[in-house]
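K.L.:
Take a look at the following structure, please.
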Amino acid sequence: MADVKQQVRDYIIENFLFGDTSTQFSDEDSFMEKGILDSTGILEVITFLEESYGIKIEDDELVPENLDSINNIASFISRKKN
Amino acid sequence: MPFSKNDIKIDPAKETDRIVQQLRQYARNYRKQGAVIGISGGIDSSVCLALSAKAFGSKKVFALTMPEADSNPESAVLARKLAKQFGVEYIVEDLTAPLAGFGTYRRRDEAMKTVFPEYDATYKSKIVLPTALDDKDTLSIYQLTIISPEGEEKTARIPLMEYLQIVAASNFKQRSRMSMLYYHADRLNYIVIGTGNKNEHEQGFFVKHGDGGADIKPIAHLFKTHVYQLAAYLNIPKEIQQRTPTTDTYSAECTQEEFFFRVPHEIGDVVWYGMEKSVAVNELAQALDISEEKVVHIQNDIQRKIKTTEYLKANPAHIE
């Protein structure tokens, strides 16, 4: 779980913040409300999650409670893998 | 008094006068002598044409329709009727050849073929969003729908690179139209009228430097509900007032609701207006006869779109 959180955080910092770690966002912050990701960014994160964790994200799983924060993604991945 | 969905209504006569004054003032400020407007046979551009004709006089407005291979032929028929009614000079500029020159159709089809290998030029296609009137708060992730010549329909989520390529290729359409509008504006010394309403402008339903790139946007502060009020007041042809708003960008019939807004404007506008006026969720739910949960999902969707489309609304930045 901690690994997933760190991997997703690293991915977002590298791909959307040009590696700049000075932008503070907590594990609970909404990516969209914080202005870090838009729906295209979420689509990119979906591809990253599917490729990194060998999962298939279904259409009815495309909801903010699964994808719109580090914590939400970590819980979602954990549920999917179990 | 409890909140009513009619609270959103405006005084169309007063609003028309206000817009007309500001259109005139804008043209005077920049020493321009009239207005060019692209009309699609839809409600927004029709209202903008009527407002422009009132502001500048019908002889000082130049209207054009810019169809291309995927356009619905009904659009040009309605546009011509509108221009005739308001006594405005009207021409058709077919953009199929220049768009083919840009590779619009080839690039778009190439991406669509990656999603559905059987797709070819004989199919119709569109990209759509799931409804926001669902029981879940869903994200705006696009799906591609293709329809075979036999009418068989298939829908699938679009992977990132294909999605971006389809949108990028399709955006040639709006940007080519804006180029053509400015050609006529430059030769006539006119301004270009932008025809987006508040729903489109604030939620980012336009192409940057395409339909978003006009000189003045006379209805960008008005909800779609208000545009319909002005249409009735300005005597826009009934067929246009009753027509379902479409994107007229994809070959398959695609309403603005399924392409972008995810709810009928009659509901979305009232929810949005209610948010601006700090109306409680339960009052909005009651006025619209939908669940409080649905109201919240619609509010979330509107807020997310406003927030995540800031790039589209930003002017070119300068280094400070």
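FYI, it's all coordinate maths here, none of it is from the lab. Model, not experiment: these values are computed from the prediction. As a convention, Cβ positions derive from the backbone with ideal geometry for all residues, glycine included, and neighbour counts pool all protein chains shown.
K.L.:
Is the C-alpha gyration tensor of the protein assembly as shown telling us rounded, prolate or oblate? Criteria: a/c under 1.5 is rounded; beyond that, a/b larger than b/c is prolate, otherwise oblate.
P.N.:
prolate
K.L.:
Counting partner chain Cβ atoms within 10 Å of every residue's Cβ in B:161-170, what's the average?
P.N.:
Average per residue, whole number: 1.
K.L.:
Treat every Asp and Glu Cβ in region B:1-68 as -1 and every Lys and Arg Cβ as +1, leave all other atoms uncharged, and give the resulting dipole magnitude about the Cα centre to the nearest 20 debye.
P.N.:
440
K.L.:
Quick check: residue separation of A:E50 and A:S22 times 0.36 nm, minus the Cα distance between them. What number comes out in nm? Present the calculation step by step, with values, prior to reporting the outcome.
P.N.:
Details: separation 28, 0.36 × 28 = 10.08 nm, distance 2.77 nm.
Roughly 7.3 nm would be gained on extension.
K.L.:
Ranking A:M32, B:M1, B:M161, B:M66 by Cβ neighbours within 10 Å, fewest first, what do you get? Before the final figure, lay out the partial values.
P.N.:
Numbers: A:M32 23, B:M1 4, B:M161 13, B:M66 27.
So the residues, fewest neighbours to most, are B:M1, B:M161, A:M32, B:M66.
K.L.:
So how much slack lies between B:I319 and B:N189, counting 0.36 nm per residue of separation and subtracting their Cα-Cα distance, in nm?
P.N.:
Between B:I319 and B:N189, full extension yields an extra 43.6 nm.
K.L.:
List the lysines whose Cα sits under 18 Å from the Cα of B:K305, skipping any in the same chain fewer than 8 residues away.
P.N.:
A:K34, B:K136, B:K198, B:K208, B:K224, B:K294, B:K313
K.L.:
Based on Cβ point charges of +1 for Lys and Arg and -1 for Asp and Glu, what charge dipole magnitude is obtained for chain A about its Cα centre, in debye rounded to the nearest 20? Could the numbers behind the result be given before it?
P.N.:
Values: 7 positive and 18 negative charges, 60 e Å.
It comes to approximately 280 debye.
K.L.:
Work out which helices of chain B, taken as complete DSSP H runs, extend at least 15 Å along their axis over the Cα atoms and score a mean Kyte-Doolittle of 0.5 or more, then list them.
P.N.:
Details: long enough: B:12-29 (25 Å, -1.44); B:43-56 (20 Å, 1.23); B:73-85 (19 Å, -0.35); B:104-115 (17 Å, -1.60); B:160-188 (42 Å, -0.23); B:265-276 (16 Å, -0.16); B:292-308 (24 Å, -1.13).
Helix filter hits for chain B: B:43-56.
K.L.:
Follow-up question, since we're still on this one. Along the charge dipole of chain B, pointing to its positive end and built from +1/-1 on Cβ of Lys, Arg, Asp and Glu, which listed residue (B:I267, B:S46, B:P245) has its Cα farthest out?
P.N.:
Result: B:S46, furthest along the dipole toward the positive end.
K.L.:
Compute the long axis of helix A:39-53 from its Cα atoms, compare it with the longest principal axis of the Cα atoms of chain A, and write down the angle in degrees, 0 to 90, nearest 10.
P.N.:
60
K.L.:
Still on this structure, I have one more. On C-alpha positions alone, give me the angle between the axis of helix A:70-81 and the longest principal axis of chain A, in degrees, nearest 10.
P.N.:
The angle comes out near 20 degrees.
K.L.:
Once both labels are modelled 7 Å past Cα along the beta-carbon direction, what's the B:Q21-B:S278 spacing in nm?
P.N.:
In this crude label model, B:Q21 to B:S278 measures out at 2.9 nm.
K.L.:
If you don't mind, there's one more thing I want to ask. When the helix-only estimate is applied to the protein assembly as shown (DSSP H runs of n ≥ 4, each -39,500 (n - 2.57), divided by the residue count), what is the mean residue ellipticity at 222 nm, nearest 500 deg cm²/dmol?
P.N.:
Roughly -15500 deg cm²/dmol at 222 nm, from the helical runs in the protein assembly as shown.
K.L.:
If one computes the Cα centroid of region B:167-215 and of region B:71-90, what distance in Å separates the two points?
P.N.:
Region B:167-215 and region B:71-90 have Cα centres separated by 19 Å.
K.L.:
Right, here's the next one. For chain B, rounded, prolate or oblate, judged on the Cα gyration tensor with a ≥ b ≥ c (square roots of eigenvalues), a/c < 1.5 rounded, else prolate if a/b > b/c?
P.N.:
Working: a/c = 1.62, a/b = 1.05, b/c = 1.55.
Note, shape of chain B comes out oblate.
K.L.:
Quick check on chain B: of the DSSP beta bridges with both residues there, what percent are antiparallel, nearest 5%?
P.N.:
The antiparallel proportion sits near 50 percent.
K.L.:
To test your reading of the geometry: what angle, between 0 and 90 degrees and rounded to tens, separates the Cα axis of helix A:2-16 from the longest principal axis of chain A?
P.N.:
Helix A:2-16 sits at roughly 50 degrees to that axis.
K.L.:
Explain nothing, just the number: dipole magnitude of chain B about its Cα centre with +1 on each Lys and Arg Cβ and -1 on each Asp and Glu Cβ, in debye rounded to the nearest 20.
P.N.:
For chain B, the charge dipole is close to 1460 debye.
K.L.:
Which whole number gives the average, over all residues in A:37-44, of C-beta atoms from other chains lying within 10 Å of the residue C-beta?
P.N.:
Counting Cβ atoms of other protein chains within 10 Å of each residue's Cβ and averaging gives 6.
K.L.:
Quickly work out the B:L164-to-B:T122 label distance, labels modelled 7 Å from Cα along the C-beta direction, and quote it in nm with one decimal.
P.N.:
My value for the distance between the label points is 3.4 nm.
K.L.:
Among B:A27, B:S291, B:L78, whose Cα lies farthest out toward the positive end of the dipole of chain B, if unit charges sit on the beta carbon of Lys, Arg (+1) and Asp, Glu (-1)?
P.N.:
Of the candidates, B:A27 comes out farthest on the positive side.
K.L.:
If you count the DSSP beta bridges with both ends in the protein assembly as shown, what percent of them are antiparallel, to the nearest 5?
P.N.:
Percent antiparallel among DSSP bridges in the protein assembly as shown is about 50.
K.L.:
Need one word for region B:1-139: rounded, prolate or oblate. Basis is the Cα gyration tensor (sqrt eigenvalues a ≥ b ≥ c); a/c below 1.5 gives rounded, then a/b vs b/c decides.
P.N.:
oblate
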